[in-house]
Structure formats: C-alpha cells, structure tokens
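Asks: Take this structure first; my questions come after.
The values are calculated or read from the model by the stated rules, or taken from the named source; none is laboratory data. Fair warning: this is a prediction, and the values are worked out from it, not measured in the lab. Glycine also receives a Cβ, built like all others from the backbone with ideal geometry; neighbour counts cover every protein chain displayed.
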C-alpha cells in the first residue's frame, strides 16, 4: 500500500536519510526503530508530505505524494512527534475542524468525531480547552485526529514520549486496537514498546535501513553463539572442575552473587548447535550442588538493536570515506587521513562520539541531528 | 480550504485579537467622525477616513502577527501539511480569514455616512469609494503582514517587523522628497536596488549565475540610460518611490475624491504578490 523507493534527504552537504527502500503492506503494525538522530522523524515527515525529499518515489495507494498529494494524503493519518494541537480550541472543535479539512461529509462530521473520541476515551474531555489537558490526553487527541477520515495508514511518531507508565500502557493498548482496522506505522526508540506492539520492525541507523523483518526473525538472525546462564551454590573450585568436564564449552565467566556466600552466577558460551542444559543439570545434581537458575541466554532485543545500529555506524563511516575519495579534488587532505580512521572504526568498537574526534567535519552534523530529536530522551 | 478558513476566523474571536482589532478601529473611527463630521460639521466622510491610515500601522501587525508564525512555533503546521490541502489553499484561507475580520469594522463604518445623511447632505459615492480604497489599503498591508509572519517563528518579531514595514510604507512619500534629485544619485540608488533584488533572486533560487546574470543585465540597461540620456534619471528614483507608496495612493480616493482604477489594480497586485511570496516562503521550508 505504500511503496518507498530510494528515499533520500540532504540538508546541504549532510545526508540525513540515505536511500531508504521499503514497502508497507496492509493490516500490520509496523515498528520504525532507531536511535536518536537516525532519521526517523525526517522519514515520517517525508512520507506524510510535511517535508520534501531530495530524491525518491513515494507511492501511497497508487498515488504519488508529489504528483497527487491530496489523494495520497487522504490515505494517511499522521501524529507528529509533538501533537499539532490548537491550544485555544476544545478537542471537539479541533476534531471537527480536522474532519472537515479531511473531507468528511458535513452530515457525518459529528458522528465521526464522536466515534474517534469514544475510541480514544476523550469523550469526557470534549468540552475543555486543549490548553488545560494533560500530556496523555493531548496525545490521545492527537491520535484521534490521525484516525479521522478513516485513513488506511496511521503514522505515529513516538506516541508515548513523555507519558507516565500508566498512560504509556493505555496508549499502547489503543495502538494495538488501532491495528485491528488500520495499518499502523509507529516510530520509537523504545524497544520494549516495539516488541510489545509491532508485528514487523524496520530498524534504521544513520539514515539507512539496517533490518526489516518480524521481530523473531531479526532476533534469530542475530543469534550467532549459544550461551547459557546458571546460578549455582557451590565452592568456586568445584564449579570450575565440573564445567571443565563438559564438552562443547568455549568459555565461562563467574561472578559472585553479592551478599550470599558461595553462590555464583555463571555465563557459559557454548559451541553452536550444542544444547548443554540437561547435561549441566545432571552433572550438578549428581554432585549434590543445587542449581538455583538455569536458562539459555538469548540475545535480548536491546543487544540485537545495539549490534545492528553500531555495525552500521562503522559501515557508514567507511562509506563516507569512499565519498571523500570520489571528491578527491576538493578534499585532498581528508582523503589522505580517511583510510586510517576507517580501519580504526572497524577494529575498535563504535561508541558514539568517536566520529566527533576522528572526523571533525561531521561533528556538527551529528550534533545537529541530535538536536533535532532532543525530545526523544525524555 | 473552507474548514481552515472557518477555523481561522473563529480563532480570532476565541482569542482577544479579533475583538481588539474591531474595537480599536471603530473607536478611532468614532473619534474622527465625531470630531470632523459631527462637531466640525463637515459633510465629507472620506476626510475622517483620511486620518485613519495611520491606525492600520497598529492594527495590521496585531491581526497578522500570529497567522503563520504561531503555526510554526507550535508545530501545528505539520498538521496542515499532512491534510489534503495545498499550500496555496492554506495561505489563502488564512489571508481571507484576516480580510473577513478586517471587513467587519469596515462594514460597520459603512453605516456612518448613512447616519450623517440624517443631518444633511453627504456625497455617498465619494464616501464609499474612499472606504473601498481604505479597505484595499488594509488588504495589501495585511498581505505584507502575512508574508512577514511566514518568515519567522516568533510572534513578537513578526509584529515588530510588520510594524516597521508599514511605517516605512507610510513614510515613503516623505522619504521620496528627501532623496536627492540629481541623476547620479538616482543611478546609485537604482544600483543598490539592483543588488538587493539580485540577492533576493539568489536566496530564492539558490542559483548564483541566474542572479548574477539578471543583475548584470539590469545594471547594463541602467548604465546605458545614464550614459545616453542622463536627464531621464533626474528625480526618477524619488518619483518611483512616490508611485510605489501605498499610503499616497489612498489620498487620491480621499482628497482628490477620485475612484482611481490604477490604484485599485495596484493594491490588488501588491496583495496578490505578497500572498504569492507567502506561499513560496511556506513551501520553501518543506524543501530545506
């Protein structure tokens, strides 16, 4: 229903979104995931026509957003990062305005507005000024606004930022319910949220799509080595002796559980394709040592996310160097340096901030991006 | 477009702005009509209007300051962009909403000549032609204010700059008289104008060569005139300033008692031009 091809946005020399290509199918909840400054908001703004892409083709239900913007926009409901509310109106007036602007028939406006107000549970707030509503209620008014006109696709940009835990749960429930009748595209940098709601996840990093699949598949694709974690009560030497007997163990780390004598947390890395959990149980049981916990340690979504986004940072660095080499006539000095730090990046980790040190030229770029999405941190 | 127009119009009366603008205009109109027509026993309603040009300097910035600046500050412009509505429709809806608010006190003022008619003879044709001219003057100033509002996120800056721009319009004919009338002075002044226009072309199109080319052609023509027919330039800059002065044109309606079609067209052109500039300025933000 949405086809995006080679979506690119440049601000001057600085490319914020680099050639995104993806398709959104009907009837799913999509998660759009990425660290701060990855280009999420920019991408969503371009999908909804708020921002013009430098280069791309965006086709929504068969309508190109630049050639037939009105038809294309009718198929979309958008809640930007900051809900676009007129504070001196009541939610009812506001929603009536949006409904009319979206071309809802005059006679049906009242019904349509009441319906979305019921679904978002703001019917009691209908007569208050938006100015006087709490953040959670404002967010709901924003979502109600996006639902009006019954668009096929609802795009929500970080809908739970700045809400308290109870409100977050309520908004999530609301989004899950939206997913029953609409396609939803939800951007977030909160992994728990995405894993709780979304069927399908797109992860972007530094303006590039690094993964697009169901959560399970993404997680599975990233599982390289098996590892098992146990908690056991035993003397250290005894644990080491028992583990040494078991085949297939690559290495293990022991940490003492604080406050209790002789209780150890052990994380064991195992060769691929071997399941040692039952073996561990019998070994420790027959030695008379109680296992307090035994679980296979799958990488969490956080780990997968960090892995994917940091891998791409290194790759991104490399590509920038390539770009430099192409522009060699103007950037001679930089080119000479480039391979050195490119290697460094690949070998030596990828904490953020390193680019600032190694590529002064981009330091401004990165901080700019972060500025744009400062709200994310809240 | 209709929805936004209605919403904007209502917004002026949800806040104080609409009421303040109407009350202030009517209050000042009341004072002048009282002083000139009732106490002064002068039958020309247009003369009272003539003193009211300056009131627009205060009213128009108040009316236009939040129109686009506030949308940008509160990020509600993202809603408008995502609605099925073009930028032109959005700008026009806002412009017409402001014109409607401005038309309300004008409509009330249209009753004044009729009241005066109760006490003697009033030339209704000159009175209404002057009122129409006053409305057009307001309409073109509102378009300028709308444009200024599209340039900034700050309501205060928007109001102050609009005030300054209208002040400049008001002082234009006075300044025109101060400009030296020699041909070399006109030549220099036009050169400066060419530079400014060249810069504007550059900042709008980001095309250095286009701006440079246009500037060179204009400057060559100017130089040609200066070399071959110097006397044409004498006093020409000050004449152009006078011709462009929005407020001066109002005087033809009031003191010459003429319904001046050239001025009507001029006002409508200025209004359309600035509405067009506004759409460009709003649209450009989506590209940057």
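Asks: Could you list, in sequence order, all residues of the range A:70-84 that are facing chain B (nearest Cβ under 7 Å) and not in a strand (DSSP E or B)?
Replies: Passing the criteria: A:70, A:73, A:74, A:80, A:82, A:84.
To keep it simple, each residue is scored yes or no on (1) farther than 20 Å from residue B:165 by Cα; (2) surrounded by fewer than 16 Cβ atoms within 10 Å (Cβ to Cβ); (3) assigned by TED's automatic domain parsing to the domain that holds residue B:135.
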residue	(1), (2), (3)
B:208	yes, yes, no
B:215	yes, no, no
B:223	yes, yes, no
B:263	no, no, yes
B:273	no, yes, yes
B:276	no, yes, yes
B:279	no, no, yes
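Asks: Do any helices (runs of 4 or more DSSP H) lying entirely in the range B:236-288 carry at least 3 residues that are touching a residue at least 40 places away in the same chain (Cβ under 8 Å), touching a helix residue (DSSP H, G or I) at 6+ places or on another chain (Cβ under 9 Å) and within 14 Å of another protein chain (Cβ to nearest Cβ), and which ones are they?
Replies: B:261-287
Asks: In the list A:250, A:228, A:257, which residue meets the criterion of being in contact with a strand residue (DSSP E or B) (Cβ under 6 Å, 6 or more places away or on another chain), in contact (Cβ under 8 Å) with a residue 60 or more places away in the chain and farther than 30 Å from residue A:37 by Cα?
Replies: Only one candidate passes the filter, namely A:228.
Asks: Taking the range A:85-105 as the region of interest, how many residues are more than 8 Å from chain B (Cβ to nearest Cβ) and farther than 16 Å from residue A:142 by Cα?
Replies: Residues that pass the stated criteria total 2.
Asks: Could you check how many residues of the range A:35-48 are farther than 21 Å from residue A:139 by Cα and within 12 Å of chain B (Cβ to nearest Cβ)?
Replies: Qualifying residue count, the range A:35-48: 1.
Asks: Which ranges mark the helices (runs of 4 or more DSSP H) fully within the range A:204-296 that have 3 or more residues being closer than 30 Å to residue A:22 by Cβ?
Replies: Correct list: A:215-222.
Asks: Let me ask something else about it. Can you tell me which residue within the range B:184-206, out of those that are assigned to a helix (DSSP H, G or I) and modelled with pLDDT under 85, is surrounded by the fewest Cβ atoms within 10 Å (Cβ to Cβ)?
Replies: Restricting to residues being assigned to a helix (DSSP H, G or I) and modelled with pLDDT under 85, the top hit is B:203.
Asks: For residue A:32, only one of the following conditions fails: (1) over 26 Å from residue A:176 (Cα atoms); (2) away from chain B (no Cβ under 14 Å). What is its number?
Replies: Single failed check for residue A:32: (1).
Asks: Continuing with the same structure: Got a sec? Which helices (runs of 4 or more DSSP H) wholly within the range B:1-110 have at least 2 residues that are in contact with a helix residue (DSSP H, G or I) (Cβ under 8 Å, 6 or more places away or on another chain), away from chain A (no Cβ under 14 Å) and buried (at least 18 other Cβ atoms within 10 Å of the Cβ)?
Replies: B:17-32, B:45-50, B:56-64, B:87-109
Asks: Something else: Here is a check on your reading of the model: is residue A:139 surrounded by 14 or more Cβ atoms within 10 Å (Cβ to Cβ), part of a helix (DSSP H, G or I) and more than 13 Å from chain B (Cβ to nearest Cβ)?
Replies: Considered against the rule, which asks whether it is surrounded by 14 or more Cβ atoms within 10 Å (Cβ to Cβ), part of a helix (DSSP H, G or I) and more than 13 Å from chain B (Cβ to nearest Cβ), residue A:139 comes out as yes.
Asks: Within the range B:81-91, does at least one residue satisfy the condition of being modelled with pLDDT under 95 and in contact with a strand residue (DSSP E or B) (Cβ under 6 Å, 6 or more places away or on another chain)?
Replies: Yes.
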